[in-house]
1. Identify all residues within the range 39-59 that are hydrophobic (A, V, I, L, M, F, W, C) and without any contact (Cβ under 8 Å) to a residue 40 or more places away in the chain; write none if there are none.
2. Give the residues of the range 109-122 that are among the hydrophobic types (A, V, I, L, M, F, W, C) and either outside any helix (DSSP H, G or I) or at pLDDT 95 or above (or both), sorted by residue number.
3. Conditions first: (1) among the charged types (D, E, K, R); (2) under 27 Å from residue 97 (Cβ atoms); (3) surrounded by 13 or more Cβ atoms within 10 Å (Cβ to Cβ). Residue 9 passes all but one, so which condition is the exception?
4. Return only the number of the condition from (1) assigned to a loop (DSSP other than H, G, I, E, B); (2) closer than 30 Å to residue 9 by Cβ; (3) not charged (D, E, K, R) that residue 61 does not satisfy.
5. Within the range 94-107, how many residues turn out to be surrounded by 13 or more Cβ atoms within 10 Å (Cβ to Cβ), without any contact (Cβ under 8 Å) to a residue 24 or more places away in the chain and of a type outside the set (A, V, I, L, M)?
6. If you check 64, 33, which single one turns out to be buried (at least 17 other Cβ atoms within 10 Å of the Cβ), among the aliphatic types (A, V, I, L, M) and without any contact (Cβ under 8 Å) to a residue 60 or more places away in the chain?
7. Just to be sure, is residue 79 crowded, with 18+ Cβ neighbours inside 10 Å, closer than 19 Å to residue 119 by Cβ and more than 14 Å from the chain's Cα centre (by Cα)?
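The values are calculated or read from the model by the stated rules, or taken from the named source; none is laboratory data. Keep in mind the model is a prediction, meaning the values are calculated, not measured. Cβ placement follows ideal geometry from the backbone for every residue including glycine, while neighbour counts extend to all protein chains displayed.
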Amino acid sequence: MTDHLRMYRGWFYAAAAYNVAWGAAVIAFPVPLSRLAGLEVATVIPLVQVIGMMVGVYAIGYYLLAREPLRYAGLIWIALAGKTLGPAGFVYYAIAGILPWTFGWTCVLNDIIWWPVFWSFALRYGRGR
């Protein structure tokens, strides 16, 4: 495996670990995390926990990408769809006044910080062999 793929592997393992930790935290502690995001706690607990479950599921794909980046390269497009549509949906609903702008930090941590590496991998290896 080339040194370049090792770098990607490290990032994908980090993404998998992050998603497991974030998903578990949101499922186990939805109230404090909802308050940090500026959400009305009483009405969003089930939604927040469902998002936590979805984030956790993405960890499986990142783990597969880390183990065998070339074999599972196509999964990067699913990852990028989530990491692009999530922030786009947030901006839409924040502009509409439905979500508070403070919720945006979750998009930064869960999505935007991963864009450079994920897009780099996608453009190099995500087009198939």
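1. As a first pass, look at the range 39-59 and keep what is hydrophobic (A, V, I, L, M, F, W, C): 39, 41-42, 44-45, 47-48, 50-51, 53-55, 57, 59.
Residues satisfying the conditions are 41, 42, 44, 45, 47, 48, 50, 51, 53, 54, 57.
2. Result: 112, 113, 114, 115, 117, 118, 119, 121, 122.
3. With (1) among the charged types (D, E, K, R); (2) under 27 Å from residue 97 (Cβ atoms); (3) surrounded by 13 or more Cβ atoms within 10 Å (Cβ to Cβ) applied to residue 9, the lone miss is (2).
4. Checking residue 61 against (1) assigned to a loop (DSSP other than H, G, I, E, B); (2) closer than 30 Å to residue 9 by Cβ; (3) not charged (D, E, K, R), the one that fails is (1).
5. So the answer is 2.
6. Details: 64 fails: buried (at least 17 other Cβ atoms within 10 Å of the Cβ).
Just one listed residue meets the conditions, 33.
7. On the way: crowded, with 18+ Cβ neighbours inside 10 Å: yes; closer than 19 Å to residue 119 by Cβ: yes; more than 14 Å from the chain's Cα centre (by Cα): no.
Taking the combined requirement at face value, the residue does not satisfy it.
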